[in-house]
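Below is one structure, written out as structure tokens; comments come after it.
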Amino acid sequence: MRGEFVDVEGSRLYYYAAGTRGAGEPVLFLHGFPASSHLWRAVVRDLSACAPGHRLVVVDLLGFGRSDRPLDHSLSATAHALRLRILMDELRIDAACVVGHGMGGAIAQALACAHADRVTRLCLADSVGFDGWPRAAARLARWLCVSERLGTAMGTPLLASLAHGSLLDGFASADTGRHALDHYLHAFTRRLGAEALVAQLRAMRDPSVAALGAQLASVRRPTAIVWGERDPFLDIRLAERLRDAIPGATLEIIQGARHFTPVDSPDRVAAAIAGLLLR
């Protein structure tokens with residue numbers, strides 16, 4: 001794997017690439033809150049083995065991981081989608097299979113709706129959609145937004161601890177979840193700061209996501225939806241609603257998995273993407 005930074009609209013986005021360039025289209029991976037490109041490492045490993053010949057590009061969205069702080073940039077799904085289109089231009093990717101988890105799924109939907117020519121296939125894993133947002137993060141966001149200054153006044157370690165506790169139930173294994181969340185939240189405590197974490201939480205109320213729901217019928221790309229059977233944050237009914245809204249979409253429920261399916265069941269997620277690449 002190799003990673004580097006790309007300047008997009010005055011901010012640096014970090015990405016790493018894996019796999020090999022071959023006849024198959026590239027695959028672009030988008031994480032959700034509060035993760036980073038690290039979310040996909042096991043999926044990328046498994047997909048490289050079961051579906052060789054694809055360039056796998058994994059991004060840290062603005063304000064996450066190694067990418068820059070968001071500052072005054074919009075963190076809406078549509079704004080992220082535009083930045084990713086520019087990133088694809090910079091990386092000379094004409095079009096890609098786009099895979100999104102959580103909030104990254106909403107951004108994948110925005111790409112497919114607003115920049116349809118850049119998306120060959122779509123995979124949504126435990127994805128935000130319509131008016132459905134992860135309940136734990138949404139509750140924390142509402143609580144912080146009672147006061148405009150409350151989140152930053154608390155300090156980054158305490159705020160990260162609250163996010164950690166709220167999201168741990170999203171993993172099938174508590175030990176694996178603690179390790180993953182420690183890694184995801186490390187960027188906020190060490191470099192990005194409380195302001196970035198509060199900004200990401202506030203983006204949980206993004207109204208553009210609900211508006212995307214009315215456009216999903218126009219998505220004419222092969223689409224696979226994968227969902228954790230025991231997702232405590234996003235109900236399976238949301239998965240069914242997304243499947244019914246996107247023409248020809250399929251839905252796979254992963255037994256025993258919770259919200260963070262790329263961590264709980266990376267082999268199953270990789271297999272679903274490999275199957276999608278053959279459609």
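Descriptive notes on the structure:
Residues checked against (1) surrounded by fewer than 22 Cβ atoms within 10 Å (Cβ to Cβ); (2) under 23 Å from ALA42 (Cβ atoms); (3) modelled with pLDDT of 90 or more:
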{"position": "ALA172", "(1), (2), (3)": "yes, yes, yes"}
{"position": "ARG178", "(1), (2), (3)": "yes, yes, yes"}
{"position": "ARG202", "(1), (2), (3)": "yes, no, no"}
{"position": "ASP206", "(1), (2), (3)": "no, no, no"}
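- Set ASP68, ASP89, ASP94: member being within 25 Å of GLY193 (Cβ to Cβ), among the acidic types (Asp, Glu) and either under 13 Å from the mean Cα position of the chain (by Cα) or not in a strand (DSSP E or B) (or both): ASP68
- Among residues of the stretch 236-279, those that are in contact (Cβ under 8 Å) with a residue 12 or more places away in the chain and either hydroxyl-bearing (Ser, Thr, Tyr) or closer than 12 Å to ALA224 by Cα (or both), counted: 23
- In the stretch 47-56, residue modelled with the lowest pLDDT [restricted to those that are outside any helix (DSSP H, G or I) and buried (at least 20 other Cβ atoms within 10 Å of the Cβ)]: ALA51
Each row is one residue, and each column tells you yes or no for (1) in contact with a helix residue (DSSP H, G or I) (Cβ under 7 Å, 6 or more places away or on another chain); (2) at pLDDT below 90.
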residue	(1), (2)
VAL6	yes, no
GLU9	yes, no
ARG12	no, no
TYR16	yes, no
GLY19	yes, yes
GLU25	no, no
HIS31	yes, no
LEU39	yes, no
ARG45	no, no
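- Number of positions in the stretch 110-123 that are crowded, with 24+ Cβ neighbours inside 10 Å and assigned to a helix (DSSP H, G or I): 3
- For the stretch 214-261, filtering for residues that are of a type outside the set (Val, Ile, Thr) and assigned to a loop (DSSP other than H, G, I, E, B) leaves 21.
- So ALA211, is it over 26 Å from ALA110 (Cα atoms), part of a helix (DSSP H, G or I), of a type in the set (A, V, I, L, M) and modelled with pLDDT of 85 or more: no
Every residue, every condition in (1) surrounded by fewer than 21 Cβ atoms within 10 Å (Cβ to Cβ); (2) within 12 Å of ALA125 (Cα to Cα); (3) in contact with an Asp or Glu (Cβ under 9 Å, 6 or more places away or on another chain), yes or no:
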| position | (1), (2), (3) |
| --- | --- |
| ASP182 | yes, no, no |
| ALA211 | yes, no, no |
| PHE260 | no, yes, yes |
| ASP267 | yes, no, yes |
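Here's the yes/no breakdown for (1) under 29 Å from LEU238 (Cα atoms); (2) surrounded by fewer than 18 Cβ atoms within 10 Å (Cβ to Cβ); (3) not small (Gly, Ala, Ser):
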| site | (1), (2), (3) |
| --- | --- |
| PHE29 | yes, no, yes |
| ASP60 | yes, no, yes |
| SER74 | yes, yes, no |
| HIS80 | yes, no, yes |
| ASP94 | no, yes, yes |
| GLY105 | yes, no, no |
| ALA108 | yes, no, no |
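The values are calculated or read from the model by the stated rules, or taken from the named source; none is laboratory data. Just so it is clear, the structure is predicted and the values come from calculations on it, not from any experiment. Cβ sites come from the backbone with ideal geometry, for glycine too, and all protein chains shown count toward neighbours.
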